[in-house]
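Chemist: This is the structure I want to talk about, given as structure tokens.
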Amino acid sequence: MDEPGDVGAPVLLGAGRTADVWALPGGRVLRRYRDGGDVRAEAEVMRHLRRAGLPVPRVHHADGAELVLERVPGPTLVEALQAGTVTAHGAARMLADLHDRLHALPALRSTDPGVRLLHLDLHPHNVLLTGTGPVVIDWTDSAEGPPALDRAVTALILAEVAVDPAHPLATAAGELLSAYVAASGSPGPLAAAVRHRAAGRAPDPGRLPEAAALVAATGAALSTSADRRPPQPSWEPPPRSRS
């Protein structure tokens, strides 16, 4: 249930591409979209996921372009990677596990068993690390569809950073991409992921073909590496004594 109340005097925490985030009294934050909009669908998804046990911030109030959420303490996964408190392998496994948990839940509207809720923007900036585990934020792009698309979008986002030579995290993003593809499996429908990113949040749509090629090459290299490994002997129990 919404709790509008007195939001108090906000303090600007940060500004994204489409919205500003403000700190409010009482352990809350206000996310306000600059160009207006309606946050009710996003709030509905977050409430549904929170009831299902997925770690998302509590929604206090949603109206028009303003969403008031629980303020989640802790660094982002990007900050933890930069600080060295989480390895690329650990971050990749965390992203893959969060996807697995999300995709194990039924969709909000569709009854098709192959359709699940998708985040479609799950990357290290949108994961906060708390004392009780990771929390997933920013459900603006959430939709229903095949889970493979969600994984492909995450891989593509990492690749977009990796192919940008001017980005300070390009090398780290390449390492994380390899670890993520190894943890999550086949990159999935890359063409659909490219269309999604081109229509929305890609900071440089011109780099998307190069990023998609890197994801595909990463998946192919990992598959080839796995095929070349010698077969592992299967374990068999020792023979039972006849005595």
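Chemist: Given H placed on each backbone N at 1.01 Å, which residues far from A107 in sequence or on other chains put an amide H within less than 5 Å of it?
Modeler: Under 5 Å from the amide H of A107: L117.
Chemist: Answer with a single label: of [x] 48, 39, 30; [y] 55, 38, 30; [z] 78, 54, 40, which was calculated as Cα extents along the principal axes in Å from the structure in view?
Modeler: [z]
Chemist: Could you check how many percent of all C-alpha pairs in the stretch 9-90 are farther apart than 22 Å? Spell out each step's value before the answer.
Modeler: On the way: 1162 of 3321 pairs.
Here the long-distance tail beyond 22 Å is 35 percent of all Cα pairs in the stretch 9-90.
Chemist: Among A96, A162, A83, which one shows the biggest mean-square fluctuation in a GNM of the chain, springs joining Cα atoms closer than 10 Å?
Modeler: A83
Chemist: Output needed for the stretch 63-121: three equivalent-ellipsoid semi-axes, defined as square roots of 5 times the C-alpha gyration tensor eigenvalues, in descending order, whole Å.
Modeler: Details: eigenvalues 147, 82, 12 Å².
For the stretch 63-121, the ellipsoid semi-axes come out as 27, 20, 8 Å.
Chemist: Take the chain, connect every pair of alpha-carbon atoms lying under 10 Å apart with a spring to form a Gaussian network, then pick out the residue of L190, L108, L95 with the largest mean-square fluctuation.
Modeler: Among L190, L108, L95, the largest GNM mean-square fluctuation belongs to L108.
Chemist: Sticking with this one: Going by average Cβ density within 10 Å per residue, which order do the peptides 42-48, 17-23, 123-129 take, highest to lowest?
Modeler: Final packing ranking: 123-129, 42-48, 17-23.
Chemist: Arranged from highest to lowest average of other beta-carbon atoms within 10 Å per residue, in what order do the peptides 27-36, 163-172 appear? Could the numbers behind the result be given before it?
Modeler: Working: 27-36: 16.2, 163-172: 13.7.
Sorting 27-36, 163-172 by mean packing, highest first, produces 27-36, 163-172.
Chemist: State which helices in the chain qualify, where a helix is a whole DSSP H run, it must extend 27 Å or more along its own axis by its Cα atoms, and its mean Kyte-Doolittle hydropathy must be at least 0.5.
Modeler: Taking the DSSP H segments of the chain (at least 27 Å long, mean hydropathy at least 0.5), we get 208-228.
Chemist: Can you tell which of P168, I157, S178 lies farthest toward the positive end of the dipole of the chain, using +1 and -1 charges on the Cβ of basic and acidic side chains (Lys, Arg; Asp, Glu)?
Modeler: S178
Chemist: Just grab the label-to-label distance for A199 and Q82, each label 7 Å out from Cα along the Cβ direction, in nm (one decimal).
Modeler: 3.3
Chemist: Please give the charge dipole size of the stretch 99-196, origin at the Cα centre, charges +1 on K and R Cβ atoms and -1 on D and E Cβ atoms. Round to the nearest 20 debye.
Modeler: Using only the charged Cβ atoms, the result is roughly 200 debye.
Chemist: Could you tally the net charge around A96, taking each other residue with its Cβ under 14 Å from the Cβ of A96, Lys/Arg +1 and Asp/Glu -1?
Modeler: Working: positive: R93, R101, R151; negative: D97, D100, D150.
Once all neighbours under 14 Å are counted, the net charge is 0.
Chemist: Calculate, for L13 and E70, the FRET efficiency according to 1/(1 + (r/R0)^6) with r their C-beta to C-beta distance and R0 22 Å; round to the nearest 0.05.
Modeler: Values: r = 14 Å, r/R0 = 0.63.
That pair, L13 with E70, gives E of 0.95.
Chemist: How large, in percent, is the carbon and sulfur part of the accessible surface of the chain at a probe radius of 1.4 Å?
Modeler: 57
Chemist: In addition: Could you size up the charge dipole of the chain around its Cα centre, putting +1 on the beta carbon of Lys and Arg and -1 on that of Asp and Glu, and report it in debye to the nearest 20?
Modeler: Once rounded to the nearest 20, the dipole reads 760 debye.
Chemist: A further question follows. In a solvent-free Debye calculation with one equal scatterer on each Cα, what is log10 I(q)/I(0) for the stretch 175-229 at q = 0.19, 0.20, 0.25, 0.28 Å⁻¹, listed in the order of the q values?
Modeler: -0.68, -0.74, -1.01, -1.14
Chemist: Just the accessible area per residue of the stretch 30-149, please: how many Å² with a 1.4 Å probe?
Modeler: 46
Chemist: For the stretch 1-97, what is the relative contact order in percent, using Cα pairs closer than 8 Å and at least 6 residues apart in sequence?
Modeler: On the way: 137 pairs, mean separation 21.2, N = 97.
Relative contact order, the stretch 1-97: 22 percent.
Chemist: Let me ask another. Would you please report the Å³ per residue occupied by the convex hull of the alpha carbon atoms in the stretch 21-164?
Modeler: Per-residue hull volume (Cα only) is 126 Å³.
Chemist: Using amide H atoms built in the peptide plane, which far-off residues or other-chain residues are under 5 Å from H61 H to H?
Modeler: E3, V68
The values are calculated or read from the model by the stated rules, or taken from the named source; none is laboratory data. The shown structure was predicted, so the numbers you read here are calculated from the model rather than taken from an experiment. Backbone-built Cβ (ideal geometry, glycine too); neighbour counts: all protein chains shown. Just so you know, the surface numbers come from the protein's heavy atoms only, side chains and all, with ligands and any DNA or RNA stripped out. Shrake-Rupley method; radii C 1.70, N 1.55, O 1.52, S 1.80 Å.
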